[in-house]
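K.L.:
Pasting in a structure now, in structure tokens, and then I'll have a few things to ask.
The values are calculated or read from the model by the stated rules, or taken from the named source; none is laboratory data. These numbers come from a predicted model, not from an experiment. Don't worry about glycine lacking a Cβ; one is built from the backbone with ideal geometry, like all the others, and counts go over all protein chains shown.
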Amino acid sequence: MIDPRLTVIGRRLAPVRRILAFASAKGGVGKSVCSALAALALADSGRRAGLLDLDFQGASAHLLLGAQLGFPEEAAGIKPLRVRDKLDFMSFAAFSRERAVPLRGPEVTEALVELLAITIWDPLDFLIVDMPPGIGDELLDVLRLLERPEFVVVATPSALSLRVVERLLALLVELRLPIRGLLENMARPGISSDGGPVLELAARFQLPVLGSIPWLPEVEDLLAGPNPLAGPLGPPIRGVLRRLTDGSDSS
Amino acid sequence: MHEWALAEAVVATVEKIRQENGGGRVLAVRVRIGELQKISPEAFQEGLRASLAGRPYGAEVFAFLDDPAVFRCRLCAREWPLAGVPELGEEEREAVHFLPEAAHVYLRCPGCGSPDFDLTAGRGVTIEAVDLESA
């Protein structure tokens with residue numbers, strides 16, 4: 001049996017200039033928050049931005065963005081959903097709504113291949129991929145199926161999180177994959193990037209720290225609010241994007 | 001008509017295989033159509049014809065085989081066909097049509113109620129064989 005879908009994934013993503021996979025081997029570090037923030041900030045800066053939520057079993061990007069998901073529109077494939085009038089968005093949650101998604105590994109792969117094969121992305125400057133935690137099927141499939149993912153590794157200052165993130169960094173380095181840097185989330189005064197443990201880990205891998213998103217108890221409310229970048233989240237995420245987009249694109 | 005994307009994938013794959021094998025004539029292509037995805041044959045044929053424009057072979061080389069969906073529970077080992085599944089609502093059918101893995105969201109084993117089942121056959125569109133003229 002031949003799977004015809006694999007042949008078209010490259011052409012489906014051809015209109016996307018850069019694919020940034022926000023990954024972390026550790027759960028709960030805020031990959032979805034950082035992904036959603038980055039995608040919104042890119043769109044706000046006039047760039048054509050998309051967000052692909054690959055955390056099938058724990059899809060939450062749509063909740064963070066306060067998006068009401070309907071079925072995607074069909075057009076020789078399916079069109080990404082439009083979120084907040086400026087962001088192209090795709091998620092398993094468009095099909096599962098708020099129900100549990102009990103999938104085993106091969107089913108995750110099937111769903112991922114299907115979504116990549118039938119989603120017709122418009123030209124984008126950036127597609128942000130919100131990765132699930134771990135080094136499992138989704139990450140391995142991203143490595144197998146996407147030609148040029150660049151990794152943004154999300155970490156918190158927690159010693160436990162950093163130990164787990166370190167393993168992912170070691171793997172990505174071993175595989176010679178492009179890592180654009182570490183993004184510190186839940187940064188707190190005293191243990192933030194300025195000499196803190198995230199900076200230390202980044203230095204060991206000779207990687208930049210792209211920035212620090214502060215720990216804010218109200219982060220989910222801010223994100224789902226009408227203008228998430230107007231408050232304290234705006235300056236740090238814009239700083240991250242400046243480092244990520246430096247000289248690589250134009251709006 | 002997301003069937004067009006799948007039809008395009010089939011034609012692109014046939015063309016890739018043809019080119020990798022010297023670019024000869026395509027004699028026959030056998031495509032299995034999984035029951036679970038419930039693709040529209042008309043929409044798929046339309047997409048196929050659109051993707052075949054300019055190719056040295058037409059829709060007549062394609063043969064379609066129905067692939068009945070069969071589920072097997074990983075807990076109680078029960079097997080059942082799609083016909084044995086309670087009718088889904090329109091939104092749920094639509095979700096499975098777009099993304100067959102949504103079946104694990106909406107279907108349960110009729111024996112034990114588990115969502116942990118294998119779809120052993122009949123998922124979606126696959127190519128069974130591409131016959132090319134020998135050089």
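K.L.:
Considering each of A:47, A:11, A:18 in turn, give the residue that is over 13 Å from residue A:129 (Cβ atoms) and touching a strand residue (DSSP E or B) at 6+ places or on another chain (Cβ under 6 Å). Lay out the reasoning, then the answer.
P.N.:
Details: A:11 fails: touching a strand residue (DSSP E or B) at 6+ places or on another chain (Cβ under 6 Å); A:18 fails: over 13 Å from residue A:129 (Cβ atoms).
One residue alone meets the criteria, A:47.
K.L.:
Out of (1) touching a strand residue (DSSP E or B) at 6+ places or on another chain (Cβ under 7 Å); (2) within 25 Å of residue A:179 (Cβ to Cβ); (3) of a type in the set (Val, Ile, Thr), the odd one out for residue A:109 is which?
P.N.:
That leaves (1) as the condition not met.
K.L.:
Got a number for residues in segment A:1-45 being modelled with pLDDT of 95 or more, more than 23 Å from residue A:235 (Cβ to Cβ) and among the small types (Gly, Ala, Ser)?
P.N.:
Here the count works out to 4.
K.L.:
Would you please list the contacts, defined by Cβ atoms under 9 Å and residues six or more apart or on different chains, that run from a residue in segment A:8-26 that is without any contact (Cβ under 8 Å) to a residue 60 or more places away in the chain to a residue that is of a type in the set (Gly, Ala, Ser)?
P.N.:
Close Cβ pairs satisfying both conditions: A:11/B:12.
K.L.:
With the condition being modelled with pLDDT under 95 and in contact with a Pro (Cβ under 6 Å, 6 or more places away or on another chain), I'd like the strands (runs of 3 or more DSSP E) fully within segment A:149-240 carrying at least 1 qualifying residues. Explain how you work it out, then say what you get.
P.N.:
On the way: elements: A:149-155, A:179-187, A:209-214.
Passing ranges, in order: A:179-187, A:209-214.
K.L.:
Any chance you could count how many residues in segment B:49-77 are more than 20 Å from residue B:101 (Cβ to Cβ) and either assigned to a loop (DSSP other than H, G, I, E, B) or in contact with a His (Cβ under 7 Å, 6 or more places away or on another chain) (or both)?
P.N.:
Just the residues of segment B:49-77 that are more than 20 Å from residue B:101 (Cβ to Cβ), to begin with: B:49-66, B:76-77.
Still in the running and either assigned to a loop (DSSP other than H, G, I, E, B) or in contact with a His (Cβ under 7 Å, 6 or more places away or on another chain) (or both): B:53-58, B:76-77.
Here the count works out to 8.
K.L.:
May I pose another question? Could you count how many residues in segment A:89-111 are more than 9 Å from every other protein chain (Cβ to nearest Cβ) and surrounded by 21 or more Cβ atoms within 10 Å (Cβ to Cβ)?
P.N.:
Residues flagged as more than 9 Å from every other protein chain (Cβ to nearest Cβ) and surrounded by 21 or more Cβ atoms within 10 Å (Cβ to Cβ) within segment A:89-111 amount to 4.
K.L.:
Please verify whether segment A:132-149 includes one or more residues that are surrounded by fewer than 23 Cβ atoms within 10 Å (Cβ to Cβ) and more than 23 Å from residue A:107 (Cβ to Cβ). Let's see the steps before the verdict.
P.N.:
Here is the first cut: in segment A:132-149, the residues surrounded by fewer than 23 Cβ atoms within 10 Å (Cβ to Cβ) are A:132-137, A:139-149.
If we keep only those that are more than 23 Å from residue A:107 (Cβ to Cβ) too, we end up with A:147-148.
Within segment A:132-149, one or more residues are surrounded by fewer than 23 Cβ atoms within 10 Å (Cβ to Cβ) and more than 23 Å from residue A:107 (Cβ to Cβ).
K.L.:
Then there is this: Mind counting the residues in segment B:23-33 that are within 9 Å of chain A (Cβ to nearest Cβ), among the β-branched types (Val, Ile, Thr) and either surrounded by fewer than 23 Cβ atoms within 10 Å (Cβ to Cβ) or on the phi > 0 side of the Ramachandran plot (or both)?
P.N.:
Initially, segment B:23-33 is screened for residues within 9 Å of chain A (Cβ to nearest Cβ), giving B:31-32.
Then drop every residue that is not among the β-branched types (Val, Ile, Thr), which leaves B:31.
Restricting the remaining residues to those that are either surrounded by fewer than 23 Cβ atoms within 10 Å (Cβ to Cβ) or on the phi > 0 side of the Ramachandran plot (or both) gives none.
Summing the residues that are within 9 Å of chain A (Cβ to nearest Cβ), among the β-branched types (Val, Ile, Thr) and either surrounded by fewer than 23 Cβ atoms within 10 Å (Cβ to Cβ) or on the phi > 0 side of the Ramachandran plot (or both) in segment B:23-33 gives 0.
K.L.:
Can you tell me which residue in segment B:97-118 is surrounded by the fewest Cβ atoms within 10 Å (Cβ to Cβ), limited to those that are within 8 Å of chain A (Cβ to nearest Cβ), within 20 Å of the chain's Cα centre (by Cα) and touching a residue at least 40 places away in the same chain (Cβ under 8 Å)?
P.N.:
Kept after step one, since they are within 8 Å of chain A (Cβ to nearest Cβ), are these residues of segment B:97-118: B:98-102, B:104-106, B:115-116.
Still in the running and within 20 Å of the chain's Cα centre (by Cα): B:98-102, B:104-106.
Going one step further and asking which of them are touching a residue at least 40 places away in the same chain (Cβ under 8 Å), we end up with B:98, B:100.
Numbers: B:98: 19, B:100: 24.
Applying the filter and picking the extreme gives B:98.
K.L.:
Can we say residue B:20 is farther than 18 Å from residue B:122 by Cα, at pLDDT 95 or above, exposed (fewer than 13 other Cβ atoms within 10 Å of the Cβ) and within 13 Å of chain A (Cβ to nearest Cβ)?
P.N.:
On the way: farther than 18 Å from residue B:122 by Cα: yes; at pLDDT 95 or above: yes; exposed (fewer than 13 other Cβ atoms within 10 Å of the Cβ): yes; within 13 Å of chain A (Cβ to nearest Cβ): yes.
Spelling it out, residue B:20 is indeed farther than 18 Å from residue B:122 by Cα, at pLDDT 95 or above, exposed (fewer than 13 other Cβ atoms within 10 Å of the Cβ) and within 13 Å of chain A (Cβ to nearest Cβ).
K.L.:
Hey, any hits in segment B:67-80 for a residue that's within 9 Å of chain A (Cβ to nearest Cβ) and over 21 Å from residue A:72 (Cα atoms)?
P.N.:
Just the residues of segment B:67-80 that are within 9 Å of chain A (Cβ to nearest Cβ), to begin with: B:74.
When the remaining residues are screened for being over 21 Å from residue A:72 (Cα atoms), the result is B:74.
Yes, segment B:67-80 contains at least one residue that is within 9 Å of chain A (Cβ to nearest Cβ) and over 21 Å from residue A:72 (Cα atoms).
K.L.:
Output the residue which, of all residues in segment A:241-251 that are out of contact with any Ser or Thr (no Cβ under 7 Å at 6 or more places or on another chain) and among the polar types (S, T, N, Q), is modelled with the highest pLDDT.
P.N.:
So, considering only residues that are out of contact with any Ser or Thr (no Cβ under 7 Å at 6 or more places or on another chain) and among the polar types (S, T, N, Q), the one modelled with the highest pLDDT is A:245.
K.L.:
Does residue A:8 satisfy the criteria of being in contact with a helix residue (DSSP H, G or I) (Cβ under 8 Å, 6 or more places away or on another chain), within 14 Å of chain B (Cβ to nearest Cβ) and not in a loop (DSSP other than H, G, I, E, B)? Walk me through it before giving the result.
P.N.:
Values: in contact with a helix residue (DSSP H, G or I) (Cβ under 8 Å, 6 or more places away or on another chain): yes; within 14 Å of chain B (Cβ to nearest Cβ): yes; not in a loop (DSSP other than H, G, I, E, B): yes.
Judged against the criteria, residue A:8 is a match.
K.L.:
Shifting gears a bit: Among the residues of segment B:34-43, are any modelled with pLDDT of 95 or more and away from chain A (no Cβ under 12 Å)?
P.N.:
yes
K.L.:
Filter segment B:1-17 for residues that are at the interface with chain A (Cβ under 7 Å from one of its Cβ atoms), closer than 30 Å to residue B:104 by Cβ and either of a type outside the set (A, V, I, L, M) or not in a helix (DSSP H, G or I) (or both) and give the result.
P.N.:
Of everything in segment B:1-17, those that are at the interface with chain A (Cβ under 7 Å from one of its Cβ atoms), closer than 30 Å to residue B:104 by Cβ and either of a type outside the set (A, V, I, L, M) or not in a helix (DSSP H, G or I) (or both) turn out to be B:1, B:2, B:4, B:8, B:13.
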